[in-house]
1. Quote the FRET efficiency, to the nearest 0.05, computed for Ala98 versus Thr321 with a Förster distance R0 of 41 Å and r equal to the Cβ-Cβ distance.
2. May I ask you to compute the full-extension gain from Ala202 to Gln301, defined as 0.36 nm times their residue separation minus their alpha-carbon distance, rounded to one decimal in nm?
3. Treating only the Cβ of Lys, Arg, Asp and Glu as charged (+1, +1, -1, -1), what charge dipole size does the chain show about its Cα centre? Round to the nearest 20 debye.
4. Specify whether the C-alpha gyration tensor of the range 137-223 places it in the rounded, prolate or oblate class, a ≥ b ≥ c being the square roots of the eigenvalues: rounded for a/c under 1.5, otherwise prolate if a/b is larger than b/c and oblate if not.
5. Please compute the modelled spin-label separation between Glu39 and Ala228, points set 7 Å along Cα→Cβ, answer in nm with one decimal.
6. Whole-Å semi-axes of the chain's equivalent ellipsoid, largest first, each the root of 5 times a Cα gyration tensor eigenvalue?
7. Which net charge results for the neighbourhood of Gly173, defined as the other residues with beta-carbon distances under 15 angstrom from its beta-carbon, given Lys and Arg at +1 and Asp and Glu at -1?
8. Could you report the range 263-338's accessible area per residue, 1.4 Å probe, as an integer in Å²?
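The values are calculated or read from the model by the stated rules, or taken from the named source; none is laboratory data. Keep in mind that what you see is a predicted model, and the values were worked out from it rather than measured. Neighbour counts are summed over all protein chains in view; Cβ atoms, including those assigned to glycine, are modelled from backbone coordinates with ideal geometry. Just so you know, the surface numbers come from the protein's heavy atoms only, side chains and all, with ligands and any DNA or RNA stripped out. Shrake-Rupley method; radii C 1.70, N 1.55, O 1.52, S 1.80 Å.
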Amino acid sequence: MKMTKGSEVFMFRHVIRVAGALASALAFSWSASVALAQEAYPDKPVRIVVPFTPGTGIDILARTLGQKLGEDWKQAVVVENRPGASGNIGTEAVAKSAPDGYTLLMTAATIVQNRGLFVSIPYDPIKDFAPVAPLAIGQLALVVNPAVKAKTVKEFIALAKANPGALTYGSPGNGTPHHLAMELFKSKTGIVLLHVPYKGTAGATQDLLGGQINAMFLPVHVALPLVAAGKLTMLAAGGTKRSAVTPDVPSLAEATGVRDIDIDIWYGLYTPARTPPAIIGKLNASINKLLTSAEVSDTLQKQGLVPTGGTPEQLGEMTRTDLERWAKVVQDAKIQPD
C-alpha cells in the first residue's frame, strides 16, 4: 500500500519520538549506574602511588592516611612506591591511570617544581590531575654551623653581603626543595652564597656539623635535636609562619621582613583528571576527617609534618601559583637537576 505524504510525516515523527525516548532511557540508566557506582565507592582496593622511596616524609604520610582510610572504608588501601626521575615516573603513571578514584597520587610540591627544572616532563600538573586536598606542610629551618658569626638571620645576611660568595650552603642535591628554598632566600635578600650539592641529606648534614659548609635548610624536626645538642644554630624555622615546636624562633618571613618567602614543603592528594566530582568530594571529606584526628595529627607531627587539610580548590590554587613561583626561581638561578 502506498503511503500518503501525511502518513510519511506521521511515521517519521513517531520514529523520532521513539528514538528520543530510547536515548533518554539509556542516558538515565547510564547516569543512575554512575551515581550508584559513586555512592558505593570504594567497592574494591584503592591504590595510593607515592613517587618517592619508602621511609620518606611523603611515604609515611601516605601509609598513615592509607591505613586509616582502609579502616574507615572497610576496603584495602595499598601504598605503592614508584620512585625515579625526581618523582616524574610515579606521577606519570597516575596521570595515565583511569579517572575512577582507584588510583591516587600523594606527592609533594615537587609536582610543580619539576616543571621548571626539566626541559620536558611526561605530564601536565594542571591538565592531567584533579586536586583532592592539601594534606600537610613540612617546615624547614635555616641552620648554620656554630662557628659562623651570626646568631640571627639579619646577622647572617650582613655577613654574606660583607663577604660575597665566601659562605657556603649544602643541599641534598641540585633541584631539591632544600636547594630551591635557599635560592629563593638568596633572591629575596640579595646575598651571594656558594652552593655545594650532595647525594642526599645525610652527607650534607654531616659536613655542616663538621664545618665543611656553613649553612643549610633542614626539616625542623631533623634540625631540632642537633640544635638542642649545641651542634647547630637555628636562625629561623618555618617560611611564613613560626613552627609550633620552636615558638621562640622567628619564621623566615619575620626574620627577613619579606612576606613572600614561603620555603616550606607542601603535600597534596590528586586523582587523574576527569575523576567524577562525587568521588573527589568523598575522598576530600574522608581525608579532612582523618587530618583532624588527634592520633593522626600526633603521628604526622612526630615526622615534622603539620596537618592542614582543605578543599580541592585550595590545592588547585597552590598548584597554579607555585608552578609559576618556582619556575621563576629555577630560571633566575639557572638550576639544572642532577
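1. My answer for the efficiency is 0.90.
2. Roughly 33.5 nm would be gained on extension.
3. 540 debye
4. Since a/c stays below 1.5, the shape of the range 137-223 is classed as rounded.
5. About 5.3 nm separates the two model spin labels.
6. After scaling each eigenvalue by five and taking roots: 51, 22, 16 Å.
7. That works out to -2.
8. With the other protein chains kept in place, the range 263-338 gives 49 Å² per residue.
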